[in-house]
Amino acid sequence: MGRQVIAEALAGRRIFVTGSTGFVGTALVERILRCVPDARVALLVRDGRRSGADRRVQREVLRNNAFERLRGELGADGFAAMAEDRVTVVRGDVGTDGLGLDDHGTRVLAESDVVIHSAATVAFDAPLDRAVEVNLLGPLRVAEAIIAAGERHGTEPAHLVTVSTC
């Protein structure tokens, strides 16, 4: 019953997700695309060392085995068309003030109804300064960016949901 209520409440909404290249984030994106009718998903992804954010989403998110069920239901072409229609990639980084958003990214954030922040550094041996930037300051930066984007574009701020890796 609870899942159905959530899916109905999010149907047709614009959902902005951080951390989609991680385990929890990828599963979250799959569930939204499979179970929430007409929801649009914007994925905040930083450029990698060898590939840009768009390529990372294709390789690390949409090709993930978590999407096998959805690919099976829609077929390869149907899945690709659905992803093209419902998924937007936004370049940025929760470890940077303002999330490193350009004008397009700020507009997408301002137009979002819900932001789900699930980005984190989970490596136990990560440099402390990087872990603090992402895990401690990241949620604050996301909240500040939501407010700033809404003010800049004259929209109501999105609802913020944060996911802790603790």
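May I ask you to verify whether R55 is part of a helix (DSSP H, G or I), open to solvent by less than 30 Å² (accessible area, probe 1.4 Å), touching a Gly at 6+ places or on another chain (Cβ under 8 Å) and farther than 15 Å from V41 by Cα? Against the criterion (part of a helix (DSSP H, G or I), open to solvent by less than 30 Å² (accessible area, probe 1.4 Å), touching a Gly at 6+ places or on another chain (Cβ under 8 Å) and farther than 15 Å from V41 by Cα), R55 does not qualify.
Screening L43 with (1) out of contact with any helix residue (DSSP H, G or I) (no Cβ under 9 Å at 6 or more places or on another chain); (2) outside any loop (DSSP other than H, G, I, E, B) gives one miss only, at (1).
State all residues of the range 91-101 that are under 18 Å from V163 (Cα atoms) and either exposed (fewer than 14 other Cβ atoms within 10 Å of the Cβ) or not small (G, A, S) (or both); if no residue qualifies, say none. Across the range 91-101, the qualifying residues are D93, V94, L99. Looking across the range 19-40, just one residue is surrounded by fewer than 20 Cβ atoms within 10 Å (Cβ to Cβ), of a type in the set (A, V, I, L, M, F, W, C) and in a loop (DSSP other than H, G, I, E, B), and that is A39.
Across the range 64-85, the number of residues qualifying as under 17 Å from the mean Cα position of the chain (by Cα), surrounded by 11 or more Cβ atoms within 10 Å (Cβ to Cβ) and not small (G, A, S) comes to 3.
The values are calculated or read from the model by the stated rules, or taken from the named source; none is laboratory data. Everything numeric here is computed off the predicted structure, so don't read it as measured data. Positions of Cβ are backbone-derived with ideal geometry, glycine not excepted, and every protein chain shown enters the neighbour counts. Quick note on the areas: whole protein, heavy atoms, side chains included, nothing else; ligands and nucleic acids left out. Shrake-Rupley method; radii C 1.70, N 1.55, O 1.52, S 1.80 Å.
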